[in-house]
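Taking it in order: structure first as structure tokens, then the write-up.
The values are calculated or read from the model by the stated rules, or taken from the named source; none is laboratory data. What you see is a predicted model; the values in this text were computed from it and never measured. In this analysis, Cβ positions are derived from the backbone assuming ideal geometry, glycine residues included, and neighbour counts consider all displayed protein chains. Heavy atoms of the whole protein, side chains included, go into the accessibility calculation; ligands, DNA and RNA do not. Shrake-Rupley method; radii C 1.70, N 1.55, O 1.52, S 1.80 Å.
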Amino acid sequence: FCPLFLKIFNAANTMATQSYGILAISLANVMLIGFAIWIAFSVLGKVSSFTKMDAPKYITELLTQVFKVLLAYLLLRDANAIYTYALGPLLKAGMEFGMTLLSGSNRYLDACKSLGIEEMPLDGLLPSYLYVQLECFIQAVQAELAVSQAVGSSLMCVARNAGKVDDILSVPIPDFSMLLEGLIIWVFAWLLALAFAFFLVDATVRLGIVGALMPFLIACWPFKVTSKYTSQGFT
């Protein structure tokens, strides 16, 4: 499955990189315009209100909004920050946690071979170590499932040879109970391998979609009206 994931990871990387290059600056400017409109309406609402204005509360709200807009603006101007210091480490920790649950240790990282130039992902915003983690994860899971596949195929082989019941006209009669047991183990091991692969395909495609939408999600975060889109993207 590794060549398949290299294609999908490169596609996700291209989506994230090109999306940032095209949308980030424009969305940063739109966000600043939205912030100016928010200040105008906020001040107008306070001035025209018949009730006494709570100045400390309003200043605190204004400073909080300024901080959020400034942070979002800096993230939109520097794409590497969110991928290098937030998204990359978060996904790396998630894969390490999943692998620890699977095998009880992180030995797969030590055993994983170093990737050659032809196996490395394209340069982009997504850190290359994420693909290294992904390939090590795939290799480790396939190694775990290969044991069950080998057991199943060995049982079927023994059932047709050393474990055969009899010969009829030089045709061996296998031990059908052993043959069936081996077939069940072999089939389910392959089904698990395919299911795992499709789950990772889904996760990698989602990563690409979130990468493509990342500038939009960052620009939506400072404002209450649009922050729900950022929450959905994070989820």
Kindly indicate whether any position in region 92-102 is open to solvent by 60 Å² or more (accessible area, probe 1.4 Å), at pLDDT 80 or above and out of contact with any His (no Cβ under 6 Å at 6 or more places or on another chain).
yes
Please verify whether Val147 is open to solvent by 40 Å² or more (accessible area, probe 1.4 Å) and either under 23 Å from Pro3 (Cα atoms) or not charged (D, E, K, R) (or both), treating the condition exactly as stated.
yes
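Here's a check for you: in region 177-226, which residue that is in a helix (DSSP H, G or I) and hydroxyl-bearing (Ser, Thr, Tyr) is least open to solvent (accessible area, probe 1.4 Å)? Don't jump to the end; show me each part of the working.
Here is the first cut: in region 177-226, the residues in a helix (DSSP H, G or I) are 177-220.
Still in the running and hydroxyl-bearing (Ser, Thr, Tyr): 177, 204.
On the way: Ser177: 70, Thr204: 8 Å².
Among residues in region 177-226 that are in a helix (DSSP H, G or I) and hydroxyl-bearing (Ser, Thr, Tyr), the one least open to solvent (accessible area, probe 1.4 Å) is Thr204.
Please find, among Ile173, Ile185, the residue that is touching an Asp or Glu at 6+ places or on another chain (Cβ under 9 Å), more than 30 Å from Tyr229 (Cα to Cα) and among the β-branched types (Val, Ile, Thr). Walk me through it before giving the result.
Values: Ile185 fails: touching an Asp or Glu at 6+ places or on another chain (Cβ under 9 Å).
Exactly one residue qualifies, and that residue is Ile173.
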On the given criteria, is Val132 within 30 Å of Val69 (Cα to Cα) and either of a type in the set (Val, Ile, Thr) or more than 32 Å from the chain's Cα centre (by Cα) (or both)?
no
